[in-house]
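Report on one structure; see the data block that follows.
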Amino acid sequence: MTARIIDGKAVAKKLRAEYKNRIAQLVAAKGVTPGLAVILVGHNPASQLYVSNKVRACADVGIRSERIEMAADVSEQVLLAEIDRLNADPTVHGILVQLPLPAHIEVRQVLERISVAKDVDGFHLYNVGGLLTGSTVFPPCTPYGVQKLLEHENVQIAGRNVCVVGASNIVGKPVAMMLMQQDATVSICHKLTRDLAMFTLLADILVVAAGVPNLIVPQMVRTGAVVIDVGINRLPDGRLVGDVDFEGVRKKASLISPVPGGVGPMTVTMLLFNTLRSAERTVGIEEAAPGL
């Protein structure tokens, strides 16, 4: 068996074309252009690249973006005041504060200052808690991207055994909650899990987000499993790899996402969708987001 590779770039391109059309319809019918404000604190090169990618993606689909840069030594009070300004601005439908933040700023204070109605990253306590009941306003973007990839590939979720490797608040826990809402039986593994293979071998769907290169090897994967690799790691030779031994595991899995080119393109795509949904809500379009 050789797994079919899930082309995250192709799926993202297809979805962005749909969103671009919806945005054009929203502008034409209601005169509303979705707006996203991105706050960047400091001069972290990786963060600057991520923000540039998000701004460029917004332009591609017709979302108005505002890039707000602040010095690394900006006070928490000034940052919170800027968030308050954006919360009150009706032309801004989504607010994103690029992480990580400098050590002197309390991340939780910042994330919870963003209005729930504009928390398009899905990190506000309300949105995170809503994952338990399926009532979140905005799902976090990377887990939502995983869900959309599975949906696009027509992977059955209900009744399947899912193993999530990695228990972070950003990916592992949210994706587990989202798949539980679709009636999967989910186990969450982490760095203290004993005999990891005992759990991964039971999985019909294996989602790996541990940040450890080649953590998952073929003998840990059930034949025919669907494998979603969320990890992204840079090796000493400069290569980007995931958490899964891609070449080995693809010989046992039925579907597998590569790194790069798998989940990564979907993260920004779902940010665009959440911003679009926020703008639609402001004019009374209240239908539930697809897949929730």
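The values are calculated or read from the model by the stated rules, or taken from the named source; none is laboratory data. Quick caveat: nothing in here was measured; it's all calculated off a predicted structure. Ideal geometry is used to build each Cβ from the backbone, glycine not excepted, and the neighbour counts take in all protein chains shown.
E69 satisfies every condition listed in (1) charged (D, E, K, R); (2) surrounded by 15 or more Cβ atoms within 10 Å (Cβ to Cβ); (3) outside any helix (DSSP H, G or I) except (2).
Matching residues to (1) closer than 21 Å to C163 by Cα; (2) touching a helix residue (DSSP H, G or I) at 6+ places or on another chain (Cβ under 8 Å); (3) not charged (D, E, K, R):
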| residue | (1), (2), (3) |
| --- | --- |
| I228 | yes, yes, yes |
| G238 | no, no, yes |
| S257 | yes, yes, yes |
| M270 | no, yes, yes |
| E280 | no, yes, no |
| G284 | no, no, yes |
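Against the list (1) at pLDDT below 95; (2) among the hydrophobic types (A, V, I, L, M, F, W, C); (3) in contact with a helix residue (DSSP H, G or I) (Cβ under 6 Å, 6 or more places away or on another chain), the condition V146 fails is (1). The sole residue among E286, E280, E247 that is surrounded by fewer than 23 Cβ atoms within 10 Å (Cβ to Cβ) and modelled with pLDDT under 95 is E286.
Of all residues in the range 119-137, those that are closer than 18 Å to G35 by Cβ and either acidic (D, E) or over 16 Å from the mean Cα position of the chain (by Cα) (or both) total 2. Looking across the range 185-237, the residues that are over 22 Å from G261 (Cβ atoms) and of a type in the set (K, R) come down to K191, R194, R222. Of all residues in the range 1-30, those that are at pLDDT below 95 and hydroxyl-bearing (S, T, Y) total 1.
If you go through the range 216-273 and pick out every residue that is touching a residue at least 60 places away in the same chain (Cβ under 8 Å), more than 19 Å from the chain's Cα centre (by Cα), assigned to a loop (DSSP other than H, G, I, E, B) and more than 18 Å from K148 (Cα to Cα), you end up with 6. Scanning the range 125-159 for residues that are surrounded by 23 or more Cβ atoms within 10 Å (Cβ to Cβ), free of Cβ contacts under 8 Å to residues at least 60 places away in the same chain and assigned to a loop (DSSP other than H, G, I, E, B) yields one hit, P140. Here R64 qualifies as more than 20 Å from the chain's Cα centre (by Cα) and closer than 30 Å to K9 by Cα. Among all positions in the range 29-41, there is at least one residue which is in contact (Cβ under 8 Å) with a residue 24 or more places away in the chain, more than 28 Å from L99 (Cα to Cα) and not in a helix (DSSP H, G or I). Select from the range 138-163 the residues that are hydrophobic (A, V, I, L, M, F, W, C) and farther than 16 Å from G262 by Cβ and list them in ascending order. Answer for the range 138-163, where residues must be hydrophobic (A, V, I, L, M, F, W, C) and farther than 16 Å from G262 by Cβ: F138, I157, A158, V162, C163.
Any residue in the range 56-74 that's within 17 Å of V120 (Cβ to Cβ) and at pLDDT below 95: show its pairings with residues that are not in a loop (DSSP other than H, G, I, E, B) and not charged (D, E, K, R) at Cβ separation under 9 Å, as long as the two are six or more apart or on different chains. Sorted first by the residue in the range 56-74, then by its partner, the list stays empty.
Is one or more of the residues making up the range 264-271 at pLDDT 95 or above, more than 30 Å from A88 (Cβ to Cβ) and among the β-branched types (V, I, T)? Within the range 264-271, not a single residue is at pLDDT 95 or above, more than 30 Å from A88 (Cβ to Cβ) and among the β-branched types (V, I, T).
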